[in-house]
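Here the structure comes first, spelled out in structure tokens, and everything after it is commentary.
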Amino acid sequence: MIVESLTIDPLSFAARTGWEIKPEGMCRADQCVPLPDGASTAAGDLDLAVVAERLQMPLIRDEDASIWALGPSSGGRALASATAAELELEDADGNLFKLSSLHGRKVLLVAWASW
Amino acid sequence: MWQALHTELESKGLTVVTVALDVERDDAMPWIELAEPTHPSLIDTRHISDELFGFTNVPMAVWIDEEGQLVRPAELASIEPRPKGGSLPDDLPDRIKEVFTEIGKFQGNPEGYLAAIHDWVDKGSESEFCLSADEVVARSRPLPMDHARATACFELGQWHWTRAASEGVAKGASLKGASLKSDDNQAVAAAVRWWQEAHHLHPENWTYKRQAWTFATSTPGEAPDLLQGPNDVYDGNWFDDLMDQGGGAAYYDAPGL
């Protein structure tokens, strides 16, 4: 996830990473991680530097572009749970497609490439 | 091939969704137009499905049931029988002969994988190929910090590449082949630098490598160089990296059916 600021609103963070704020801390699937003091700003946003460190997410700075890239939580497996993440991508006609729109059907999701 | 499977099994409750891991949408489109898909045919210019599902090469697939639960994690997804290898012409360069030899060692069981898909469609959760939630997670690849960093680095590279494209220089001839080596364009140089870093951090992620190499080894105006040979932009190339990682037999993890 590319960010231009080190604060982010919790809903945006959850949509992209699956980590939600709950009374126990940051939770994803059946895992909850207590957050340290200073993880939230006065405005209710998350301090990405603090949260990233706690969730073992790399936060890499590109000085020249003045942006950061936030990577996935490390230390476990590529899948945190068996619940399929929401995938939102454009189709070949340029229309937005949501994987969740196929709820109720079996889906074979195949990755390919021109290269 | 995937369209044919979709056509065959759509009425039985299966939807095939294909995702093109192509930073350049225009590279994927001719293939999609050829397939004339009626199934959802998506283009993932950020390789975001690598991160969400654990794809590290193509073709790979996951199975998702009616409740939105993964019942098989990312694994090799080949359904076309591989052509039987005949003898190679003597006048082929040695390197090309070696490439074909290693390709002949690729793992995979296309007939078995296709039969497993049919079994799942027929029997649903009763299929022996349907895995428990714990098994799906356990079979997904480990995610150490270096691999997580590679994901972030790849995304930074893609961000710069897209910036170069929006400035009008990443389209067409100017950003394929030897011109990538030039430091004249800072966005391109930054993209190459971050992608190179991603390759170092997660050498087993072939989508990061093959995506980047193809820009460096293709000749402007010509079909892409699928062998992605030695180039003076990146440290690695397809065949030498393949051999560094155990050769053709180690290139794909065959699905444990």
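In table form, for the structure just shown:
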quantity	calculated
Qualifying residue in the stretch B:31-53 (condition: closer than 23 Å to B:G229 by Cα, under 13 Å from the mean Cα position of the chain (by Cα) and facing another protein chain (nearest Cβ under 7 Å))	no
Residue in the stretch B:97-109 that is in a helix (DSSP H, G or I), surrounded by fewer than 20 Cβ atoms within 10 Å (Cβ to Cβ), more than 10 Å from every other protein chain (Cβ to nearest Cβ) and among the basic types (K, R) present	yes
Any hit, the stretch B:58-81, residues being surrounded by 17 or more Cβ atoms within 10 Å (Cβ to Cβ), of a type outside the set (A, V, I, L, M, F, W, C) and closer than 19 Å to A:G94 by Cβ	no
Check on B:D232, modelled with pLDDT under 75, in a loop (DSSP other than H, G, I, E, B) and not assigned by TED's automatic domain parsing to the domain that holds B:L114	no
Condition check for B:A133: touching a helix residue (DSSP H, G or I) at 6+ places or on another chain (Cβ under 8 Å) and touching a residue at least 24 places away in the same chain (Cβ under 8 Å)	no
Qualifying residue in the stretch B:59-80 (condition: at pLDDT below 90 and assigned to a loop (DSSP other than H, G, I, E, B))	yes
Candidate set: the stretch B:1-28, residues that are more than 7 Å from chain A (Cβ to nearest Cβ) and free of Cβ contacts under 8 Å to residues at least 60 places away in the same chain; chosen: the one farthest from the chain's Cα centre (by Cα)	B:S11
Check on A:L46, surrounded by 14 or more Cβ atoms within 10 Å (Cβ to Cβ) and over 20 Å from A:A78 (Cβ atoms)	yes
Residues located in the stretch B:204-222, provided they are more than 14 Å from B:E24 (Cβ to Cβ) and out of contact with any helix residue (DSSP H, G or I) (no Cβ under 7 Å at 6 or more places or on another chain)	B:E204, B:W206, B:T217, B:E222
Count - residues of the stretch A:66-98 that are within 7 Å of chain B (Cβ to nearest Cβ) and either closer than 16 Å to B:F55 by Cβ or without any contact (Cβ under 8 Å) to a residue 12 or more places away in the chain (or both)	15
Which numbered condition B:A138 fails, given (1) under 21 Å from A:L102 (Cβ atoms); (2) among the hydrophobic types (A, V, I, L, M, F, W, C); (3) in contact with a strand residue (DSSP E or B) (Cβ under 9 Å, 6 or more places away or on another chain); (4) at the interface with another protein chain (Cβ under 10 Å from one of its Cβ atoms)	(1)
Matching residues in the stretch B:134-178 - criterion: being modelled with pLDDT of 95 or more and of a type in the set (A, V, I, L, M, F, W, C)	B:V136, B:V137, B:A138, B:L143, B:M145, B:A148, B:A150, B:A152, B:C153, B:F154, B:L156, B:W159
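The values are calculated or read from the model by the stated rules, or taken from the named source; none is laboratory data. Quick caveat, the model's predicted, so the values are computed rather than measured. Ideal geometry is used to build each Cβ from the backbone, glycine not excepted, and the neighbour counts take in all protein chains shown.
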